[in-house]
RNA sequence: GGCCCCAUCGUCUAGAGGCCUAGGACGAAGCCCUCUCAAGGCUUAAACACGGGUUCGAAUCCCGUUGGGGUCACCA
């Protein structure tokens, strides 16, 4: 059974690069019918930022990445980080937890001692200052500094010595070879790999030990992570080797860079997933876009628009590219539009609610809800982002609109008096019309055009502007039906007033 | 700087020696449709970083150059 994971450290909100790494890991599991889980890497207590575990879980789930296991209420309570939407206790689907590393410190410690006993790890007590001095000396001598066992300043460190740390005793020659799922074959010389610290002076484990231990203990079959880890591969490979653990597969996915070609970072304003949500993007579009950032179906398949189910069916690590990608909005916007168009109208209505509210449009009464339902089909194909809904429909939800300026009421290539004449004629005809038939409305207005020797564009522009106060709206006659006869005529009357003045 | 990785249109990519006068998508430009805006349809411009090899033949393999990225913590 395939088992993958995403293992962020709770030091800040997840940004798009992290979410994409999680997505690939998730899609790999889903595509192979395996399991995917979330693990929190909080071995460094100093960098812990309260609230970020919830942020991580929420943004993953918003994107459509759900996990078979992860921190549950019990784990989160211990950290004082519990929240209502967390995983139910013990909902781990057979994956051994707990999924928060601070609860597992004793396991790492135990394993490190075993490695020391085995003679493949050793104790040492160089101080940070001493280490720093050694580096500086090496640099001055134009040597690269590589800490090996032979470099210890004191070789007689005892188990009980306070504050000592433990390093893994890496080979001094030979090479480590990894056949990476994404990068292909990667080779490292052991000679220039440091002996990594696996247990710190305070007794806690470093990433190298904790993450690998957990990946083994939790039965991870494919370690999918970002390329920033590629350089530590020899350490990890060797740790697996000396521990006697079965070797998992590794896949290092490239970074996502910003428009400037540099790695995305929070400092440079890399957006969190919540910002995408708030900017009116659909999770469907976000997942689709992220998947395309570095992955393509390949094999002559040129599909661009994917549902999550299609992604589950088609995703494969074999088609994840090895070069970094640049994040850019235009294609995301396009995908968002296409996914909006694929939504069922009442689904779209639901998703629009927070954005309508933000735009100051209240949709609470049955009448208002009915209005929204009628307006949706008119706007669905012209929405790129949910945030655009406000100006498109606000005038339909209010009784009166601000006075429309005179310039807007003069038709293209027309004079004021002609426009006024046309408006009055339209008002007369509309006064006798039923407003419940869009096609009928349009027909009579087109007839009026013929009669007045005006182009539809000329007459319709005047009416549109008079009724909406805007030059860009959804289709006119559908809108008039939605707004209703009384309100339409009142607005036309007001426009006639303006033009007559 | 050492080590490692990467390199196809502006962007995301297809391409695993002949199917490539390099395909698709976004974006751009133009046309059509059209009551505005969209959506849709059609068309155009746009790339194998450079230099050497290997081969009958290279975007695809090798070497070098250049450019970019990652990493060099008792952080992850």
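Bear in mind that the values in this text are calculations on the coordinates, not laboratory data. What you are looking at is a predicted structure, and each value in this text was computed from that prediction instead of being measured. Cβ sites come from the backbone with ideal geometry, for glycine too, and all protein chains shown count toward neighbours.
Can you tell me which residue is surrounded by the most Cβ atoms within 10 Å (Cβ to Cβ) among those in segment A:145-163 that are within 8 Å of RNA strand B (Cβ to nearest atom) and closer than 30 Å to residue A:247 by Cα? In this case the residue turns out to be A:147. In the set (1) within 17 Å of residue A:345 (Cβ to Cβ); (2) surrounded by 16 or more Cβ atoms within 10 Å (Cβ to Cβ); (3) over 29 Å from the mean Cα position of the chain (by Cα), the condition left unmet by residue A:369 is number (2).
How many residues, within segment A:432-450, are surrounded by 11 or more Cβ atoms within 10 Å (Cβ to Cβ) and assigned to a helix (DSSP H, G or I)? Qualifying residue count for the region: 11. Considering segment A:455-467, and only residues there that are closer than 19 Å to residue A:406 by Cβ and without any contact (Cβ under 8 Å) to a residue 40 or more places away in the chain, the residue that is farthest from RNA strand B (Cβ to nearest atom) turns out to be A:464. Among the residues of segment A:468-495, those identified as more than 21 Å from residue A:383 (Cα to Cα) and either within 14 Å of RNA strand B (Cβ to nearest atom) or in a helix (DSSP H, G or I) (or both) are A:485, A:486, A:487, A:488, A:489, A:490, A:491, A:492, A:493, A:494, A:495.
Filtering A:177, A:157 for residues that are part of a loop (DSSP other than H, G, I, E, B) and in contact with a strand residue (DSSP E or B) (Cβ under 7 Å, 6 or more places away or on another chain) leaves a single hit, A:157. Among the residues of this structure, residue A:91 does not count as one that is surrounded by fewer than 17 Cβ atoms within 10 Å (Cβ to Cβ), free of Cβ contacts under 8 Å to residues at least 24 places away in the same chain and part of a helix (DSSP H, G or I).
Suppose the filter is surrounded by fewer than 17 Cβ atoms within 10 Å (Cβ to Cβ), under 27 Å from residue A:281 (Cα atoms) and away from RNA strand B (no atom under 16 Å from the Cβ); does residue A:51 pass it? When the stated conditions are applied, residue A:51 passes them. Scan segment A:212-223 and tell me whether some residue there is within 26 Å of the chain's Cα centre (by Cα), part of a strand (DSSP E or B) and within 12 Å of RNA strand B (Cβ to nearest atom). The answer is no, given that none of the residues of segment A:212-223 is within 26 Å of the chain's Cα centre (by Cα), part of a strand (DSSP E or B) and within 12 Å of RNA strand B (Cβ to nearest atom). Quickly run through segment A:192-211 and pick out the residues that are farther than 22 Å from residue A:10 by Cβ and either within 6 Å of RNA strand B (Cβ to nearest atom) or assigned to a helix (DSSP H, G or I) (or both). If the condition is that a residue be farther than 22 Å from residue A:10 by Cβ and either within 6 Å of RNA strand B (Cβ to nearest atom) or assigned to a helix (DSSP H, G or I) (or both), then A:192, A:201 are the ones that fit.
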